Amino acid sequence: MKNTALSHIHEQLGAKMVPFAGYNMPVSYEGVNAEHETVRKAVGVFDVSHMGEFLITGPNALELIQKVCSNDVSKLVDGQAQYNCLPNETGGIVDDLIVYKFEEGKYLLVVNASNIDKDWDWISKYNTMGAEMRNLSDDYSLLAIQGPKAVAAMQSLTSEDLSAIKFYHFKVADFAGIEHVIISATGYTGSGGFEIYCKNSEVEQVWNKVMEAGKSFGIKPIGLAARDTLRLEMGYCLYGNDINDTTSPLEAGLGWITKFTKDFTNSENLKKQKEEGVKRKLIGFELNERGIPRHDYEIVDKEGNNIGIVTSGTMAPSLNKGIGMGYVTTENSSPNTEIFIQIRNKPIAATVVKTPFYKG
């Protein structure tokens, strides 16, 4: 079990630690609902240093990334980030990721912790053009500072105007007394804020200064459990739950990051799938009565016929109702369709809704 550079701090703070993607990670500190509310209303900080970072450089860097990624990375300007996915050769998804462009021939790919080795091997397999690849995952830490007060709380730590960094853009600047930190206006909570990339040797100083600067704004450490409820309220996919090696980007509602203006892995088959239409779709749903939907619960129609499966579900802290995502047959995927979730062998009525569930 690996530790992040901050695991000892989480333990000192009394976090409940759990194994996650091979790392010893804080799942909660004071409880998921309280932590969730902190991020929605104030500011919270997550240690997500388990995520993977690959640096891809050289004159052929863009060619390699374009080959393995579904989205069109050539559209990025320096200092811009892009949500993306790595399609496999059989119609599914190797991983979802964020691509950061520093300049021509210099890109950072940020991948899911559980897929670091798999993604590295996958991208390497296609690197026939000789792009330079470095796996920085064990050397870098990542803090997600999220919430509506993030800009105000963190501004004293940098000379960069945080309010000027647009969504899905980033700056390399001073932060918390460290030079050359990546300050990225990204995150997976839907409540705004930043993600901070720095070296493992620097992150304890950054954490301490972030907590100090945020004290008067009500900053608190937040665990992975609240990260999950926050992302689910936004309808964001979680790899391993809502997307995996067998789910197509088009079925998962990720057509917007699947650009057929270029050739990429399996693009011909995915293009054909787009033209012919998919047989199932990832939907969001809200329960019409009390209950908590969970991963792998069956979804049925009013006659009791199986029409799909729940991929993510929770009691949404901001909405105080059961919400979830799941794959259903295309004919049952339209908003306002009534479906039923089998909870302990009892069909609980639910309604298909457009995501995000949480409107802010």
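The values are calculated or read from the model by the stated rules, or taken from the named source; none is laboratory data. Owing to the predicted nature of the structure, the values given are computational and were not obtained by experimental measurement. So basically every Cβ, Gly included, is an ideal-geometry build from the backbone, and we count neighbours across all protein chains shown.
Residue-level check: of (1) part of a helix (DSSP H, G or I); (2) touching a residue at least 60 places away in the same chain (Cβ under 8 Å); (3) more than 17 Å from Lys41 (Cα to Cα), Ala226 misses just (3). With the structure loaded, tell me whether Ile196 is β-branched (Val, Ile, Thr), touching a Cys at 6+ places or on another chain (Cβ under 8 Å) and either within 22 Å of Gly52 (Cα to Cα) or free of Cβ contacts under 8 Å to residues at least 40 places away in the same chain (or both) or whether it fails that test. No, not satisfied.
Out of the residues in region 11-33 that are out of contact with any strand residue (DSSP E or B) (no Cβ under 8 Å at 6 or more places or on another chain) and at pLDDT 95 or above, state the one that is nearest to Trp207 (Cα to Cα).
The first filter runs over region 11-33 and keeps only residues out of contact with any strand residue (DSSP E or B) (no Cβ under 8 Å at 6 or more places or on another chain), leaving 12, 14, 21, 31-33.
Filter again for at pLDDT 95 or above, leaving 12, 14, 31-33.
Details: Gln12: 14, Gly14: 16, Gly31: 21, Val32: 21, Asn33: 23 Å.
Once the filter is applied, the top-ranked residue is Gln12.
For region 321-331, the candidate set comprises residues that are of a type outside the set (Ser, Thr, Tyr) and in contact (Cβ under 8 Å) with a residue 40 or more places away in the chain; within that set, the residue that is surrounded by the most Cβ atoms within 10 Å (Cβ to Cβ) is Gly326. What about Ile56, is it at negative phi and either outside any strand (DSSP E or B) or touching a Pro at 6+ places or on another chain (Cβ under 9 Å) (or both)? Criteria not met by Ile56. Residue count for region 255-277 under the criterion of being crowded, with 17+ Cβ neighbours inside 10 Å and touching a Leu at 6+ places or on another chain (Cβ under 8 Å): the result is 4. Selection of region 223-254 for residues being among the charged types (D, E, K, R), surrounded by 21 or more Cβ atoms within 10 Å (Cβ to Cβ) and over 23 Å from Glu30 (Cα atoms) yields Asp242, Glu251. Against the condition touching a strand residue (DSSP E or B) at 6+ places or on another chain (Cβ under 9 Å) and surrounded by fewer than 16 Cβ atoms within 10 Å (Cβ to Cβ), how does Asp78 come out, does it pass? Taking the combined requirement at face value, the residue satisfies it. Name every residue in region 228-272 that is among the aliphatic types (A, V, I, L, M), under 29 Å from Phe20 (Cα atoms) and more than 17 Å from the chain's Cα centre (by Cα), in order of residue number. Matches in region 228-272: Leu250 only. Let me confirm something: among Lys220, Lys215, which residue is basic (Lys, Arg) and either crowded, with 18+ Cβ neighbours inside 10 Å or modelled with pLDDT under 95 (or both)? Of Lys220, Lys215, the one residue that is basic (Lys, Arg) and either crowded, with 18+ Cβ neighbours inside 10 Å or modelled with pLDDT under 95 (or both) is Lys220.
Is it the case that Ser318 is among the polar types (S, T, N, Q), surrounded by 14 or more Cβ atoms within 10 Å (Cβ to Cβ), part of a loop (DSSP other than H, G, I, E, B) and at pLDDT 95 or above? Show your work before the answer.
On the way: among the polar types (S, T, N, Q): yes; surrounded by 14 or more Cβ atoms within 10 Å (Cβ to Cβ): yes; part of a loop (DSSP other than H, G, I, E, B): yes; at pLDDT 95 or above: yes.
Yes: the conditions hold for Ser318.
For region 281-296, the set of residues classified as surrounded by fewer than 20 Cβ atoms within 10 Å (Cβ to Cβ) and within 23 Å of Tyr239 (Cβ to Cβ) consists of Ile292, Arg294, His295, Asp296, listed by residue number. When residues of region 9-53 are filtered for being out of contact with any Asp or Glu (no Cβ under 7 Å at 6 or more places or on another chain) and more than 19 Å from Tyr197 (Cα to Cα), how many remain? Looking only at that region, the number is 26. Please enumerate the residues belonging to region 37-53 that are touching a strand residue (DSSP E or B) at 6+ places or on another chain (Cβ under 9 Å) and either part of a helix (DSSP H, G or I) or over 24 Å from Asp119 (Cα atoms) (or both). Answer for region 37-53, where residues must be touching a strand residue (DSSP E or B) at 6+ places or on another chain (Cβ under 9 Å) and either part of a helix (DSSP H, G or I) or over 24 Å from Asp119 (Cα atoms) (or both): Thr38, Val39, Ala42, Val43, Gly44, Val45. I'm trying to understand the selection: among the residues of region 113-165, which are surrounded by fewer than 19 Cβ atoms within 10 Å (Cβ to Cβ), of a type in the set (S, T, N, Q) and closer than 27 Å to Phe20 by Cβ? Answer for region 113-165, where residues must be surrounded by fewer than 19 Cβ atoms within 10 Å (Cβ to Cβ), of a type in the set (S, T, N, Q) and closer than 27 Å to Phe20 by Cβ: Ser114, Ser124, Asn135. Quick check on my filter: what residues within region 41-51 are farther than 19 Å from Val27 by Cα and either crowded, with 22+ Cβ neighbours inside 10 Å or in contact with a helix residue (DSSP H, G or I) (Cβ under 7 Å, 6 or more places away or on another chain) (or both)? Answer for region 41-51, where residues must be farther than 19 Å from Val27 by Cα and either crowded, with 22+ Cβ neighbours inside 10 Å or in contact with a helix residue (DSSP H, G or I) (Cβ under 7 Å, 6 or more places away or on another chain) (or both): just Ala42.
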